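The values are calculated or read from the model by the stated rules, or taken from the named source; none is laboratory data. These numbers come from a predicted model, not from an experiment. Here the Cβ positions follow ideal geometry from the backbone for every residue, glycine too, while neighbour counts run over all protein chains shown.
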Amino acid sequence: MCGIVGAVAERNIANILLEGLKRLEYRGYDSAGLTVIRDGELHRERQVGKVQALVDAVAINPEFFDGHIGIAHTRWATHGEPAQRNAHPHVSGKIAVVHNGIVENYAELKEELIAKGYEFTSQTDTEVVAHLINDLYKQTPDLLEAVRAVIPLLHGAFALGIVHVDSPEELITVRLGSPLVIGVGIGENFIASDQLALLPVTNRFMYLEEGDIAKLTRNSIQIFADGVEVSRKIHEIDAQQHNADKGEFKHYMLKEIYEQPDAVARTLEMAIDSTNTSKLRDDFLQRHEDKLSGIRNIQILACGTSYHAGMVAKYWFENLTRLPCSVEVASEFRYRNPVVVDNSLVICISQSGETADTLSALRDTQKQKPTGLVSLALCNVATSSLVRETDIYLPTLAGPEIGVASTKAFTTQLVALMLLVLKVGATQQRMDSERLGTLLSELQQLPGQLYASLHLDAAIKTMSESFEDKKSCLFLGRGLQFPIALEGALKLKEISYIHAEGYAAGELKHGPLALVDKDMPIVVLAPKDSMFDKLKANMQEVHARHGELFVFASESSKMVAEDRMHVVYVPDVCETLAPVVYSIPVQLLSYHVAVMRGTDVDQPRNLAKSVTVE
Ligand code: HGA
């Protein structure tokens, strides 16, 4: 979603802002803009489309943007169409504002401001923030104080960056529900929605907490919580590890698909000692054993791809530990007044750890205060809000994921969830050591099996040619492959814009079979597992109605291609872990179809990587 970058420095900051915006492009956006203060004036440029359009526009008169303080933004429209007049920064008098999030009560504030004579030039909710600060600054000519007075008037979740021509040494920032970090430099300081934006200029970061307001100058950072000055720790990060570039790959998505064997191996290492693979490492979640031993119920909350990982975990938890497990999309859970039973483990899954709906759903469960509630964040970003607000952090160790369509974050989520299932099973003695040992040794084979399944790339590329001109597609799976069918359909629609539906194959005759004809491609996930014979019967139902089948089957399944049935053989893998391996062919299929259709694979239209608004 929106990206914010800001800087106050001795040197000219325009290029730092533009480079920062480029590094935030992965978040998804529709327009970009920046404002720099120079010679007592706000110099602003805004463009619809890519950051490159903004770079080109700035390059026409670069001297206007030679300044020492400025703010910049990539916008993902929530209020008002993507258009130049709606792009940030928004200006009121001598004040410029960039904003991530939503001001829910903007309509009433707008009416009051219009009555006072303020003119609106955009359709955004953000513009009320600029005018309100301007209005309050007239009474209290101190930027920090004016911003402080405005915040209680705004309802919603947001992050802000603010500058004022009359205070050309001060950059004010607010974090209230949307992510924001401060980059700490030497004689210069920065703000951004994601530290990735600032890695070229610093590797030292402060993570603001909810409600924090900060004032940055070149040489100081003051942070206030509830009006009182507070200190926030400086975290030094290994910039090398967090750096992300495409290397020799054409797209981040393809690179990230290929990184999965390593990402999964890293995630496994946190729990399995390679010298003794028959048991979990003693230090894996060791300090949480007391909490985990008391739980009697699991509630998983997530959105999108993370929700599909949660669905797989439901099968695993119930089958392997016999603990009841529910999984629900966070955007529904948070608005239906759900019952959170005592002694629940609430698992929140989010790649970024900033997913607004998942965070809210977590907070709702915490507000209910059920006895014995334990919350756990399964997340790829150690410094995220979700991690800070939960009792237990289980990392996915996927490394930065830039492609909007999640790949390595998904498979590492699956692996981490399985490790958690094993930990809970072992802690509560719900799993005998033999079963545990078998699963651990099967887990150890996963990186090799993922690596082998990447060799299917060429065959899947050939298969994808049949999808190029299709309008619609079905994905079928049963049991543990049902969530992978949903994930395959989601991936295909996200990046190729082909309408796709995932179904439990047993549901076919209860409706979707009516869609099947010779133009309908049907992707089937068919490992040779306990549901294989049932699945073959479902495939026959499709074949008899002239649907064209594209089957991912185990090498040992002995399925043979025939007329209107194409088969790609996936390496044999144990039934329990097959969802991890079968994720690869559906990712590769979506990727190649999207490339063939010429879509923007890494930044598909209308989507954002980190969904920080509800
Ligand atoms: N509401 C503002 C900012 C949107 C946003 O944060 N998107 O991620 C707008 O529509 O401009």
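Just a few scattered comments:
- Condition check for residue 424 on (1) at pLDDT below 95; (2) more than 17 Å from the chain's Cα centre (by Cα): one failure, at (1).
- Leading residue by the ranking (surrounded by the fewest Cβ atoms within 10 Å (Cβ to Cβ)) among those in segment 349-377 that are assigned to a strand (DSSP E or B) and among the polar types (S, T, N, Q): 375
- Any chance residue 568 is crowded, with 21+ Cβ neighbours inside 10 Å and modelled with pLDDT of 95 or more: no
- Residue 559 meets all of the listed conditions (1) closer than 30 Å to residue 379 by Cα; (2) more than 16 Å from the ligand (Cβ to nearest atom); (3) not hydroxyl-bearing (Ser, Thr, Tyr) but one, namely (1).
- Selection within segment 112-121 - away from the ligand (no atom under 16 Å from the Cβ) and surrounded by 16 or more Cβ atoms within 10 Å (Cβ to Cβ): 113, 118
- Filtered residue count, segment 88-111, keeping only those that are away from the ligand (no atom under 11 Å from the Cβ), surrounded by fewer than 24 Cβ atoms within 10 Å (Cβ to Cβ), under 23 Å from residue 191 (Cβ atoms) and of a type outside the set (D, E, K, R): 3
- Residue 22 vs. criteria closer than 22 Å to residue 156 by Cβ and part of a helix (DSSP H, G or I): no
- Of all the listed residues (236, 229, 248, 210), the sole one being touching a residue at least 60 places away in the same chain (Cβ under 8 Å) and not hydroxyl-bearing (Ser, Thr, Tyr) is 210.
- Residue identified as within 16 Å of the ligand (Cβ to nearest atom) and of a type in the set (Val, Ile, Thr) among 165, 174: 174
- Residues in segment 330-385 that are of a type in the set (Phe, Trp, Tyr) and in contact with a strand residue (DSSP E or B) (Cβ under 7 Å, 6 or more places away or on another chain): 333 only.
- Considering the conditions (1) touching a strand residue (DSSP E or B) at 6+ places or on another chain (Cβ under 9 Å); (2) modelled with pLDDT under 80; (3) not aromatic (Phe, Trp, Tyr), residue 239 is excluded by exactly one of them, (1).
- Candidate set from segment 70-84 (those that are surrounded by 16 or more Cβ atoms within 10 Å (Cβ to Cβ) and more than 11 Å from the ligand (Cβ to nearest atom)); member that is farthest from residue 164 (Cα to Cα): 72
Residue-by-condition table, conditions (1) crowded, with 23+ Cβ neighbours inside 10 Å; (2) assigned to a strand (DSSP E or B); (3) at pLDDT below 95:
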site: 315; (1), (2), (3): no, no, no
site: 323; (1), (2), (3): no, no, no
site: 327; (1), (2), (3): yes, yes, no
site: 331; (1), (2), (3): no, no, yes
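- Of all residues making up segment 1-41, the number that are polar (S, T, N, Q), more than 16 Å from the ligand (Cβ to nearest atom) and in contact with a strand residue (DSSP E or B) (Cβ under 7 Å, 6 or more places away or on another chain): 0
- Pairs where the first residue, in segment 109-138, is outside any helix (DSSP H, G or I) and the second is among the aliphatic types (A, V, I, L, M) and more than 13 Å from the ligand (Cβ to nearest atom), C-beta under 8 Å, 6+ apart: 120/113; 120/114
- When 576, 599 are screened for being part of a loop (DSSP other than H, G, I, E, B), touching a residue at least 60 places away in the same chain (Cβ under 8 Å), more than 16 Å from the ligand (Cβ to nearest atom) and of a type in the set (S, T, N, Q), only 599 passes.
- Applying the criterion of at least 3 residues that are closer than 29 Å to residue 591 by Cβ to the helices (runs of 4 or more DSSP H) found wholly in segment 378-491 leaves 408-427, 433-454, 457-464.
Residues checked against (1) surrounded by 18 or more Cβ atoms within 10 Å (Cβ to Cβ); (2) within 28 Å of the chain's Cα centre (by Cα):
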residue: 507; (1), (2): no, no
residue: 531; (1), (2): yes, no
residue: 535; (1), (2): yes, no
residue: 554; (1), (2): yes, no
residue: 572; (1), (2): no, no
residue: 585; (1), (2): yes, yes
residue: 588; (1), (2): yes, yes
residue: 595; (1), (2): yes, yes
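- The residue that is farthest from the ligand (Cβ to nearest atom), counting only those in segment 149-161 that are assigned to a helix (DSSP H, G or I) and surrounded by fewer than 18 Cβ atoms within 10 Å (Cβ to Cβ), is 149.
- Of all residues making up segment 144-167, the number that are without any contact (Cβ under 8 Å) to a residue 12 or more places away in the chain and closer than 16 Å to residue 109 by Cα: 1
- Residue in segment 55-62 that is outside any strand (DSSP E or B), more than 16 Å from the ligand (Cβ to nearest atom) and closer than 20 Å to residue 179 by Cβ present: no
- Hits in segment 122-148 - residues which are under 16 Å from residue 213 (Cβ atoms) and away from the ligand (no atom under 16 Å from the Cβ): 136, 137, 140, 142, 143, 144, 145, 146, 147, 148
- Those residues of segment 1-51 which are surrounded by fewer than 22 Cβ atoms within 10 Å (Cβ to Cβ), at pLDDT 95 or above and among the polar types (S, T, N, Q), in sequence order: 47
- If you check 94, 116, 50 for being among the charged types (D, E, K, R) and closer than 17 Å to residue 5 by Cβ, only one passes: 50.
- Exclusive hit being touching a Ser or Thr at 6+ places or on another chain (Cβ under 8 Å) and among the basic types (Lys, Arg), set 528, 509, 536, 518: 528
- Complete set of residues in segment 25-53 that are of a type outside the set (Gly, Ala, Ser), closer than 20 Å to residue 171 by Cα and in a loop (DSSP other than H, G, I, E, B): 39
- Residue list for segment 256-280, filter: at pLDDT 90 or above and farther than 20 Å from residue 448 by Cβ: 280
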